[in-house]
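One structure below.
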Amino acid sequence: MTTLEIRQLPILSDNYIYLIRDPSSGAVGVVDPAGVTPVLREVERSGWKITHVLNTHHHQDHVGGNYELKWLTGCKIVGPAVDDRRIPGIDFRVNDGDVFLFGDAKAEIIFVPGHTTGHIAYWFRDSNALFCGDTLFSIGCGRVFEGTPAQMWQSLLRLRALPPETRVYCAHEYTQANIQFALTVDAENEALRRRAADVNDARAHGRPTVPSLLSDEIAANPFLRADQPELAEAVGMVGKDAAEVFAEIRRRKDIFKAA
Ligand code: ZN
Ligand code: FE
């Protein structure tokens, strides 16, 4: 069993790239490279040698650095088999339930369609680390661009079922704006109020709010709570299917304007 070393690199206005290293084999992966500048700066500093790119989905702010990293380092690119035509330079095509061996570290592949039809998450069970791209955010979830809300809800349920001590390494720093919305549908939730205070403090001091703990997301993220009676009540849908409640919360978030 090997535990990943993880470095978090901000890029663009609110993306995170993760640089991960398996100390046992020396494998170094770049999760969702929006670009290359901070990645090259970090490997220069640390002496790490990039061996892999791990992509969660095809959006430019997740694959924008693929070709350049491959060209510069000869690394191999891992991505969803079902979306392989949209993953630049893909070498390893992975499917739901696969275990991808990243050096000596096992990445379990979880198919989580909704944001895009081919979205996957990488779960490193032994490191309690989940790289979930734009599916689950802290106190939010990705927009449903290509799939259906019901599909997205099923995807979130699969992530919710992981061990509560899992750390959620999502691809964007959206937490503060997500909390503003969450308070409009779950204002009485003590866990959400506490998280709001923590997040405001972190952002005021320029600290990231990501990764978060899955247990904290389960307690405070309204998109993981669509099957709780309080949420159905808040959106006037008592007795309705959780997937429908989820769709309504997602619809409201789509049109919500943060203060
Ligand atoms: Zn995306
Ligand atoms: Fe994104």
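The values are calculated or read from the model by the stated rules, or taken from the named source; none is laboratory data. Everything numeric here is computed off the predicted structure, so don't read it as measured data. Every residue, glycine among them, receives a Cβ derived from its backbone with ideal geometry; neighbour counts consider all protein chains shown. The protein model used for the area step is the full one, side chains on, heavy atoms only, and it has no ligands, DNA or RNA in it. Shrake-Rupley method; radii C 1.70, N 1.55, O 1.52, S 1.80 Å.
Can you work out which of the residues in segment 223-248 that are in contact with a Lys or Arg (Cβ under 9 Å, 6 or more places away or on another chain) and closer than 15 Å to Arg143 by Cβ is surrounded by the fewest Cβ atoms within 10 Å (Cβ to Cβ)? Restricting to residues being in contact with a Lys or Arg (Cβ under 9 Å, 6 or more places away or on another chain) and closer than 15 Å to Arg143 by Cβ, the top hit is Glu248. Scanning segment 77-90 for residues that are away from ligand 2 (no atom under 16 Å from the Cβ), surrounded by 17 or more Cβ atoms within 10 Å (Cβ to Cβ) and not in a loop (DSSP other than H, G, I, E, B) returns Ile77, Val78, Ala81, Val82. Number of residues in segment 202-222 that are open to solvent by less than 70 Å² (accessible area, probe 1.4 Å) and within 17 Å of the chain's Cα centre (by Cα): the value is 13. When the residues of segment 162-184 are filtered to those that are of a type in the set (A, V, I, L, M, F, W, C) and within 24 Å of Ile20 (Cα to Cα), the one that is nearest to ligand 2 (Cβ to nearest atom) is Ala171. Going by the conditions given, is His62 in a helix (DSSP H, G or I) and in contact (Cβ under 8 Å) with a residue 60 or more places away in the chain? Yes, satisfied.
Considering only residues in segment 31-59 that are among the aliphatic types (A, V, I, L, M) and in a helix (DSSP H, G or I), the one that is farthest from ligand 2 (Cβ to nearest atom) turns out to be Val43.
Residues in segment 120-145 that are within 11 Å of ligand 2 (Cβ to nearest atom) and either acidic (Asp, Glu) or in contact with an Asp or Glu (Cβ under 7 Å, 6 or more places away or on another chain) (or both) were compared, and the one that is nearest to Val63 (Cα to Cα) is Gly133.
Going by the structure shown, is Gly26 more than 16 Å from ligand 1 (Cβ to nearest atom), among the small types (Gly, Ala, Ser) and either touching a strand residue (DSSP E or B) at 6+ places or on another chain (Cβ under 8 Å) or part of a loop (DSSP other than H, G, I, E, B) (or both)? Yes. The residues on offer are Arg158, Arg167, and the sole one that is under 12 Å from the mean Cα position of the chain (by Cα), touching a residue at least 40 places away in the same chain (Cβ under 8 Å) and open to solvent by 60 Å² or more (accessible area, probe 1.4 Å) is Arg167.
Residue pairs whose Cβ atoms lie under 6 Å apart, separated by 6 or more positions or on different chains, with the first residue in segment 103-124 and hydroxyl-bearing (Ser, Thr, Tyr) and modelled with pLDDT of 95 or more and the second part of a loop (DSSP other than H, G, I, E, B) and surrounded by fewer than 24 Cβ atoms within 10 Å (Cβ to Cβ), are Thr116/Glu146; Thr117/Glu146; Thr117/Gly147. If the condition is being part of a loop (DSSP other than H, G, I, E, B) and touching a residue at least 40 places away in the same chain (Cβ under 8 Å), then segment 206-236 contributes Pro208, Thr209, Val210, Pro211, Asn221, Ala226, Val235. Looking only at residues of segment 49-90 that are touching a His at 6+ places or on another chain (Cβ under 7 Å) and of a type in the set (S, T, N, Q), we find that the one that is nearest to ligand 1 (Cβ to nearest atom) is Thr56. Within segment 40-77, the residues that satisfy the criterion of being of a type in the set (Gly, Ala, Ser) and within 21 Å of the chain's Cα centre (by Cα) are Gly64, Gly65.
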